[in-house]
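What follows is one structure encoded as structure tokens, with my remarks underneath.
Each value in this text was obtained by applying a stated rule to the coordinates, not by laboratory testing. Nothing here was measured: the structure is a model prediction, and the numbers come from that model. Heads up, the Cβs are rebuilt from the backbone with ideal geometry, glycines too, and the neighbour counts pull from every protein chain shown.
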Amino acid sequence: MKNVVKINGYRIMSTINKEEIEAIGDAHASSATETPLRADAFDKSDDEKIKNIQHHFAEIMKELGLDLTDDSLSGTPYRFAKMYVKELFYGLNPANRPRTSTFENKYGYQKMLVEQNINIDSSCEHHFLPIVGNAHVGYIPKDKVIGLSKINRLVDYYSHRPQVQERLCLQILKDLQKTLGTDDVIVVVNAKHLCVSSRGIKDKNSFTTTIEFGGKFADPIYRNEFLGIIAKGDN
Ligand SMILES: [Zn+2]
């Protein structure tokens with residue numbers, strides 16, 4: 001995004017014209033592995049954020065012409081704000097990262113461990129529409145192993161941010177590599193983007209696959225073993 005200017009460390013979008021904004025969304029371009037956050041991202045409490053978002057979303061609804069005195073609509077700004085802060089985007093706040101205590105690899109298991117069909121419920125950061133699908137994770141343990149459900153929890157945490165699929169895949173990989181103390185990790189994400197199926201090109205059938213790996217998985221023997229296991233699991 002060459003036209004972005006930084007003021008006090010914040011990226012200001014006003015220098016990008018509307019065509020460029022559309023192009024970035026369609027290309028699903030992402031600028032870094034880290035989710036771009038403001039320096040003051042967590043200065044406010046969740047309750048303050050809910051209050052402010054409730055106000056702003058009510059304004060959006062009014063702008064669309066909706067009558068907020070209607071019983072069915074009056075609670076929507078609050079429900080929307082609470083859903084954003086506490087559910088859909090809880091994974092923005094590092095304080096919400098699940099605890100991933102590891103255990104000593106006492107049984108000396110040194111082969112591949114695969115956790116597959118982990119649910120992905122995420123949101124596209126370009127259109128704020130759902131990304132739904134699943135993740136498959138494999139690793140070859142060194143000294144540490146992790147409780148299986150912790151992998152699911154980590155995937156859930158990184159999914160619950162405004163995301164691009166490539167970054168989601170990479171964030172899961174990097175965290176697991178750090179947590180497990182090994183580069184020998186592979187992550188595959190298959191997901192459907194509602195911004196592709198419900199707007200724009202409106203393709204209902206296509207889905208996107210991303211693969212990130214490190215260490216031994218650079219060797220096609222390990223990679224193909226993993227891909228073979230997840231192919232069977234998909235049947
Ligand atoms: Zn999108």
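Which one, Lys150, Lys62, Lys216, has the greatest fluctuation when you compute a Gaussian network model over the chain with C-alpha springs under 10 angstrom? Fluctuation is largest for Lys62. Look at the dipole of segment 43-92 built from charges on Cβ: of Thr69, Ala58, Leu92, the Cα furthest out on the positive end belongs to Leu92. For the chain, the antiparallel share of DSSP beta bridges with both residues in that region comes to about 95%. Per-residue packing, averaged as other Cβ atoms within 10 Å, sorts the ranges 184-195, 137-148 into the order 184-195, 137-148, beginning with the highest.
Determine the alpha carbon to alpha carbon distance for each of Lys111/Lys202; Lys150/Lys202; Lys86/Lys178; Lys106/Lys192 and list only those over 32 Å. Write down the numbers at each step before the final one.
On the way: Lys111/Lys202 42 Å; Lys150/Lys202 35 Å; Lys86/Lys178 26 Å; Lys106/Lys192 39 Å.
Violating the 32 Å Cα-Cα cut-off are Lys111/Lys202; Lys150/Lys202; Lys106/Lys192.
Bridgeable aspartates and glutamates around Lys216 (alpha carbons under 14 Å apart, same-chain partners fewer than 8 residues away excluded): Asp183, Asp184, Glu225. Placing R0 at 22 angstrom, the Cβ-Cβ distance between Thr76 and Ala41 gives a FRET efficiency of 0.30 after rounding to 0.05. Near the amide H of Val164, within less than 5 Å, lie the amide hydrogens of Glu125, all on another chain or at least 5 residues away, with H placed in the peptide plane. Rounded to whole numbers, the Karplus 3J(HN,Hα) couplings from phi for segment 100-111 are 10, 5, 10, 10, 5, 7, 5, 7, x, 5, 10, 8 Hz, using 6.51 cos²θ - 1.76 cosθ + 1.60 with θ = phi - 60°, and x at Gly and Pro. Across the chain, Cα-Cα pairs more than 26 Å apart make up 48 percent of the total.
Gyration tensor over the Cα atoms of segment 43-92: the corresponding equivalent ellipsoid has semi-axes (square roots of 5 times the eigenvalues, largest first) of 22, 10, 9 Å.
Could you check what % of the DSSP bridge pairs in segment 83-202 are antiparallel, to the nearest 5? List each step's numbers first, then the result.
On the way: 21 of 23 bridges.
Close to 90 percent.
Give me the number: length gained by fully extending Lys51 to Ile201, i.e. 0.36 nm times residue separation minus the C-alpha to C-alpha distance, one decimal in nm. If you can, show how the numbers build up before the last one.
Numbers: separation 150, 0.36 × 150 = 54.00 nm, distance 3.55 nm.
Here the answer is 50.4 nm.
Set the Cα radius of gyration of segment 102-233 against 2.2 N^0.38 Å, with N its number of residues, and you get 1.09.
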